[in-house]
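Here the structure comes first, spelled out in structure tokens, and everything after it is commentary.
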Amino acid sequence: MITSTIFSGPMEGIINSGLMELSSGPADFVQAQGLRLFAISGITLNGSTLTGDITNSGTIMASATAATNANAANSVSAKGIVLGGGPNLGRTVAMNFTGNIVNSGTLAISADGAGASATGIEVDAAAGTTHAGIVNSGVISVVGTNGATSIGIKASTPITGGITNTGILTAGTAAINLTQETGGSTVITQAAGLTAGNVLGGGGDVLNLTGGTLALSATNRVAGLASFTQGPGGTLALQVTPSTAPGTFPTIHAGTIALGGTLQVLPSGVLANYVNGVTFRDVFSASTPITGSFASITTSIPLLTASVTPDTADAFNLVLGLDRQALAASAQDLTQSLRFGLDAQRTLIGSVQDRLVIGEDYDGGVALGDGSPLANGQLQKPDRGNVWARAYGVVGNASASEGAPSYSTNAAGFIVGADWKAAPNFLIGVAANYAASSLDFADGGRTNVASYQGAIYTGWNSGPWYATGIAALGVNAFGTSRQLAALGLPGSATSSPNGQSYAGYAETGYRFSQQGFAVTPYAGLGYIHAHIDGFTETGGFGALAVNAGSSDSLSTDLGVRLATSFSIAGLNPITPEVKLGWRHEFLDAAQTLDAAVAGLPGSDFTVKGTNFGRESAVVGLTVTQALGSSARLFVAYDGQFSRKLDEHVFTAGFKASF
């Protein structure tokens, strides 16, 4: 075992590429003066001339253990590489060192016990000393336990060539300590790899974080610097606890501060400690206004967000809190359950309304020039009752909006109805609908819906005028699956909420007939209320507890229908009809829900879904084929086009009269 390597004469370089292991046992001496100094060092250059580099590409291990008895105290130290000649080493001989201290290997230095110290690299030169820089591309690991101090790089004289780290530099007391530096300044460059621990300057030093990571624990600080500059490639990692008392969170102070690159915040404890927001004041403080900003700020706890906000122009705070924005974005899929409650009722109302006014015996007095069954609003047939049925399919697409994901929708349903003429110009009926639907979101989420609806409806006509009224209600059973990847969490959260919807619609129109065509301007007013019961998702951390919510729609429809009727080869007549309309929404263009992280008090937030806009174009095409005088078949297409949503409904059905 080598206990020391000391050089004091002229040399052209010192190289260690092997293993140097040095240790001292407990020192326990009683002397009159009360203090003795014992040092264990790997390489010591003391008052010499060196024109080459001091290079370690191997491993230097040094350890020291201190002990005391009741009568005396002692001090013992372990050091990796020492450039000596200064008063701290008991010499005042100037040195001429034109090379660098280069470590591409490992310096593993440790000390144990009060009064013991460990240092990776120490420069302590007398006045007049010249030397170049310190370059670390290897590992400098310095550990102090049980009250021992540990310093990675220590200097009492400016390092002319600066300190550059591209490897790993960690120490408990200070990664770099230049507080005893006199007569100039040192440029510290963290270019790659990791520096972990306090960085303490002598007042005029410069720290440039150009690459890699500078990591500060909750009690670490950067201080005593003329400037601190973080470039685009640098990462500053700050470890914090919920405590905001001074000295319990990391700080950076320099004459000037320029921010950039990445800030990583590493909170200890659990998310609940930060839900209501924690502010660490003056984490960054300077003598002049702080410039720049971080390009990216991340945290190590999912659902937690961090921001840097000005306290004053020259002091910035670090704020941690629940990432309600990310939570709201991840939950936007759920708002479409409310939207579905509105759309399902519109589909039913549209089908019933078409039954009342398109190609039917009761059509508000259509009088086509070719002698259609109705003329001037008088019912020409003695039939009093009708039964009808429709099968339909729906496809649609919603584009992304304000953070809400795009999605596609598919549905299939079946409607049956029956009505009868309570008076020659008045009809009343009932209808029932079942539909199975799915919504597939671009973020991987999915909602399945089973919908059950019922309606009552009436129709009245007098000459060319007609009026209709529809009242409907429905229940919806939802099954949702929401992906948690956007929150940095694995898996998905699922739920099975229920909802209800209620609707009313009234329409009036006036029909003109000329030369085999019927033109019908119309106006409608509809109201729909959709409700979803409160529910809690399952799926572990990230699942939400969602409050009951509702959405309301009050809309007007203005448009025109154009119809004609013709026969081919003397067969039963065919009646095509085209609809063009405009729908305006007065109430909820977007749906909102209030939610919280399940089991996390105080985590409430509001999520707003896609803003579909208030204006929609409504189009339709129906072709009806008469089957004798008492039955009809038809096919139809209806479309709705808004700023963010396109929906298409394809229908086939029949009606029989008796």
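The values are calculated or read from the model by the stated rules, or taken from the named source; none is laboratory data. All values derive from a computational prediction rather than experimental measurement. Note: ideal-geometry Cβ built from the backbone for every residue, glycine included; neighbour counts use all protein chains shown.
Taking region 173-194 as the search range and keeping residues that are touching a residue at least 40 places away in the same chain (Cβ under 8 Å) and touching a Gly at 6+ places or on another chain (Cβ under 9 Å), which one is surrounded by the fewest Cβ atoms within 10 Å (Cβ to Cβ)? Please lay out each step first, then the result.
Residues of region 173-194 touching a residue at least 40 places away in the same chain (Cβ under 8 Å): 178-180, 183, 185, 190, 193.
Among the residues that remain, those that are also touching a Gly at 6+ places or on another chain (Cβ under 9 Å) are: 178-180, 185, 190, 193.
On the way: LEU178: 27, THR179: 17, GLN180: 14, SER185: 18, GLN190: 28, GLY193: 17.
Ranking the qualifying residues of region 173-194, first place goes to GLN180.
Give the residue that is surrounded by the most Cβ atoms within 10 Å (Cβ to Cβ), with candidates limited to residues of region 422-460 that are of a type in the set (D, E, K, R) and part of a strand (DSSP E or B). Working first, answer last.
Applying the first criterion (of a type in the set (D, E, K, R)) to region 422-460 yields 440, 443, 446.
Filter once more, so that each one left must be part of a strand (DSSP E or B): 440, 446.
Working: ASP440: 15, ARG446: 17.
That would be ARG446.
How many of the residues in region 599-622 are outside any loop (DSSP other than H, G, I, E, B) and of a type outside the set (Phe, Trp, Tyr)? Explain how you work it out, then say what you get.
Filtering region 599-622 down to residues outside any loop (DSSP other than H, G, I, E, B) leaves 605-608, 615-622.
Still in the list and also of a type outside the set (Phe, Trp, Tyr): 606-608, 615-622.
Number satisfying all stated conditions: 11.
Test PHE641 against the stated conditions and say whether it is of a type outside the set (A, V, I, L, M), part of a strand (DSSP E or B) and free of Cβ contacts under 8 Å to residues at least 40 places away in the same chain. Break it down into steps so the answer makes sense when it comes.
Values: of a type outside the set (A, V, I, L, M): yes; part of a strand (DSSP E or B): yes; free of Cβ contacts under 8 Å to residues at least 40 places away in the same chain: yes.
Taking the combined requirement at face value, the residue satisfies it.
Listed here are the residues, each with its yes/no results for (1) part of a strand (DSSP E or B); (2) farther than 16 Å from VAL139 by Cα.
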| position | (1), (2) |
| --- | --- |
| ILE159 | no, yes |
| THR164 | yes, no |
| ALA175 | yes, no |
| SER185 | no, yes |
| ALA192 | no, no |
| GLY203 | yes, yes |
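Hey, among TYR452, TYR527, which residue is touching a Phe, Trp or Tyr at 6+ places or on another chain (Cβ under 7 Å), closer than 19 Å to SER551 by Cα and without any contact (Cβ under 8 Å) to a residue 60 or more places away in the chain? Give the steps one after another, and end with the answer.
Working: TYR527 fails: touching a Phe, Trp or Tyr at 6+ places or on another chain (Cβ under 7 Å).
Result: TYR452 is the single residue among TYR452, TYR527 that is touching a Phe, Trp or Tyr at 6+ places or on another chain (Cβ under 7 Å), closer than 19 Å to SER551 by Cα and without any contact (Cβ under 8 Å) to a residue 60 or more places away in the chain.
Of the residues that make up region 172-181, is at least one at pLDDT 95 or above and farther than 22 Å from ALA64 by Cβ?
The answer is yes; a qualifying residue exists.
Report every pair of residues separated by at least 6 positions or lying on different chains whose Cβ atoms are under 9 Å apart, first residue within region 262-278 and on the phi > 0 side of the Ramachandran plot, second part of a strand (DSSP E or B).
Hits for this filter: GLY277/VAL319; GLY277/LEU320; GLY277/GLY321; GLY277/LEU322.
Which of the residues that make up region 399-420 are surrounded by fewer than 20 Cβ atoms within 10 Å (Cβ to Cβ), in contact with a Leu (Cβ under 9 Å, 6 or more places away or on another chain) and part of a strand (DSSP E or B)? Let's see the steps before the verdict.
Let us first name the residues in region 399-420 that are surrounded by fewer than 20 Cβ atoms within 10 Å (Cβ to Cβ), namely 399-403, 406, 408, 410, 412, 414, 416, 418, 420.
Retained after the next criterion (residues that are in contact with a Leu (Cβ under 9 Å, 6 or more places away or on another chain)): 399, 408, 410, 420.
Of everything in region 399-420, those that are surrounded by fewer than 20 Cβ atoms within 10 Å (Cβ to Cβ), in contact with a Leu (Cβ under 9 Å, 6 or more places away or on another chain) and part of a strand (DSSP E or B) turn out to be SER408, ASN410, TRP420.
Find the residue count for region 270-294, including only residues that are surrounded by fewer than 16 Cβ atoms within 10 Å (Cβ to Cβ), more than 22 Å from the chain's Cα centre (by Cα) and not β-branched (Val, Ile, Thr). Write out each step before concluding.
Restricting attention to region 270-294, the residues satisfying the condition of being surrounded by fewer than 16 Cβ atoms within 10 Å (Cβ to Cβ) are 270, 272, 276-277, 279, 281, 287-289, 291-293.
Add one more test, that the residue is more than 22 Å from the chain's Cα centre (by Cα), and what stays is 281, 287-289, 291-292.
From what's left, not β-branched (Val, Ile, Thr): 281, 287, 289, 292.
Total satisfying the criteria: 4.
What strands (runs of 3 or more DSSP E), lying completely within region 485-547, carry at least 2 residues that are in contact with a strand residue (DSSP E or B) (Cβ under 7 Å, 6 or more places away or on another chain) and over 30 Å from GLY459 (Cβ atoms)?
Working: elements: 492-495, 498-510, 512-514, 517-532, 544-546.
The strands (runs of 3 or more DSSP E) meeting that bar are 492-495, 544-546.
Quick one: is GLY396 touching a His at 6+ places or on another chain (Cβ under 9 Å) and either assigned to a strand (DSSP E or B) or farther than 26 Å from GLN332 by Cβ (or both)? Explain how you work it out, then say what you get.
Numbers: touching a His at 6+ places or on another chain (Cβ under 9 Å): yes; either assigned to a strand (DSSP E or B) or farther than 26 Å from GLN332 by Cβ (or both): yes.
Against the criterion (touching a His at 6+ places or on another chain (Cβ under 9 Å) and either assigned to a strand (DSSP E or B) or farther than 26 Å from GLN332 by Cβ (or both)), GLY396 qualifies.
Just to be sure, is ALA548 out of contact with any helix residue (DSSP H, G or I) (no Cβ under 9 Å at 6 or more places or on another chain) and surrounded by fewer than 23 Cβ atoms within 10 Å (Cβ to Cβ)? First the steps, then the outcome.
Values: out of contact with any helix residue (DSSP H, G or I) (no Cβ under 9 Å at 6 or more places or on another chain): yes; surrounded by fewer than 23 Cβ atoms within 10 Å (Cβ to Cβ): yes.
Yes: the conditions hold for ALA548.
Among the candidates PRO464, PRO521, which residue alone is modelled with pLDDT of 95 or more, over 47 Å from the mean Cα position of the chain (by Cα) and closer than 29 Å to PRO424 by Cβ? Don't jump to the end; show me each part of the working.
On the way: PRO464 fails: modelled with pLDDT of 95 or more.
Only one candidate passes the filter, namely PRO521.
Say whether the condition of being closer than 14 Å to ARG346 by Cβ, hydrophobic (A, V, I, L, M, F, W, C) and buried (at least 16 other Cβ atoms within 10 Å of the Cβ) is met by at least one residue in region 626-646.
Within region 626-646, one or more residues are closer than 14 Å to ARG346 by Cβ, hydrophobic (A, V, I, L, M, F, W, C) and buried (at least 16 other Cβ atoms within 10 Å of the Cβ).
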